[in-house]
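Written below as structure tokens is the structure these notes are about.
The values are calculated or read from the model by the stated rules, or taken from the named source; none is laboratory data. Nothing here was measured: the structure is a model prediction, and the numbers come from that model. Using ideal geometry, Cβ is built from the backbone for each residue, glycine included, and neighbour counts are taken over all protein chains shown.
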Amino acid sequence: MANAGLGSRRGLEQLIADGQVQLNGRAAELGATVSPGDKISFNERDWTVTVEGGEQRTLIYHKPEGEVTTRNDPEGRKTVFDRLPKLRDGRWIAIGRLDLNTAGLLLLTTDGELANRMMHPSGQVDREYLCRIRGAVSEEQIEQLLKGVKLDDGMAAFSDLVPGEVTAGHAWYTVTIMEGRNREVRRLWETVGAQVARLKRVRFGPVFLPSRVRSGKYEELTGRDHQILREDVGLPPLSQGLTLVSARSSEGRNVRSTPARRKTGRRAR
């Protein structure tokens, strides 16, 4: 608050002690720490904590089928980067990929450290998909997919599998994997003779695809949400200095500040 020019350090400390400063809707305490995206109310005005001199940015993008997750496609197909906001500095990095015929949640960030940690298997970041399967799948086949099957690039398994609606000739399942190997979900189903008619990623770690973000649209996460993603994979807070800017309205949080679900090896029934 002092760095933002709202008063002297000693005077502001007294105001905090007197309960005249609120942090995220509650009375602030001396010594409390803040992160980008936190809200401070003071002297009948609202402020948002932000990174001084710029900050790392992260987007939720609802990828439609028919777009590739590459910057330049030699076949001239549409890429996810065509729809993203332009950056003055840096570039958007896709956190993992979705193949041409897979839709849903794609995270893009300017934070290379975060992208690398979330994509690396050691980060143990799970991915959740909604699958529409052609034909019937037996209980024995489902158990096999949970125990593990051999693919060309090694053993793989769903860490969680939840049956959904069954229609004529099709069945819906929600599945979770702990890695992001190429076409892994589709290849897992193929080992039991099942064909994926539709595939949509709905969650990546603690980030869910909000219904308000329509296909082909994006939404930027708050600074606080970005910090939660770093914390979730064991990264330290960004080391840049913090300051305050006048708060603007927000549609709400997209990241849950609880740890992402880890491998359970079970199926909800």
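Every residue in segment 27-38 that is closer than 20 Å to ILE228 by Cα and of a type outside the set (A, V, I, L, M), please. Don't jump to the end; show me each part of the working.
Initial filter on segment 27-38 (closer than 20 Å to ILE228 by Cα): 32-38.
Listed by number, the residues that qualify are THR33, SER35, PRO36, GLY37, ASP38.
Specify which of the listed residues (ARG117, ARG91) is charged (D, E, K, R) and either outside any loop (DSSP other than H, G, I, E, B) or touching a strand residue (DSSP E or B) at 6+ places or on another chain (Cβ under 9 Å) (or both).
Matching residue, one of ARG117, ARG91: ARG117.
Pairs needed: first member in segment 134-159, at positive phi; second member anywhere, among the hydrophobic types (A, V, I, L, M, F, W, C) and assigned to a loop (DSSP other than H, G, I, E, B); C-beta distance under 7 Å; at least 6 residues apart or different chains. Going by the 7 Å Cβ cut-off, the qualifying pairs are GLY135/ALA194; GLY148/ALA157.
Consider segment 176-232 and keep the residues that are among the hydroxyl-bearing types (Ser, Thr, Tyr) and in a strand (DSSP E or B). The one that is nearest to LEU108 (Cα to Cα) is TYR218.
Of the residues ASP38, ASP46, which single one is among the acidic types (Asp, Glu), within 23 Å of GLY205 (Cα to Cα) and touching a residue at least 12 places away in the same chain (Cβ under 8 Å)?
Working: ASP46 fails: within 23 Å of GLY205 (Cα to Cα).
It is ASP38.
List every residue pair whose Cβ atoms sit under 6 Å apart, with the two residues 6 or more apart in sequence or on different chains, where the first one lies in segment 1-28 and is in a helix (DSSP H, G or I) and the second, anywhere, is at pLDDT 85 or above and surrounded by 12 or more Cβ atoms within 10 Å (Cβ to Cβ). Final answer for the pair search is LEU15/VAL21; ILE16/ALA28. Looking across segment 191-240 at every residue that is of a type in the set (Gly, Ala, Ser) and surrounded by fewer than 20 Cβ atoms within 10 Å (Cβ to Cβ), the one that is farthest from LYS147 (Cα to Cα) is identified as SER239.
I want to confirm something. Restricting to segment 126-175 and keeping residues that are hydroxyl-bearing (Ser, Thr, Tyr) and assigned to a loop (DSSP other than H, G, I, E, B), which single residue is modelled with the lowest pLDDT?
Residues of segment 126-175 hydroxyl-bearing (Ser, Thr, Tyr): 129, 138, 159, 167, 173-174.
The next check asks that each one be assigned to a loop (DSSP other than H, G, I, E, B); those that pass are 138, 159.
On the way: SER138: 91, SER159: 95.
By that ranking, first place goes to SER138.
The residues of segment 166-183 that are surrounded by fewer than 17 Cβ atoms within 10 Å (Cβ to Cβ) and within 19 Å of GLU65 (Cβ to Cβ), listed by number, are HIS170, TRP172, ASN182, ARG183.
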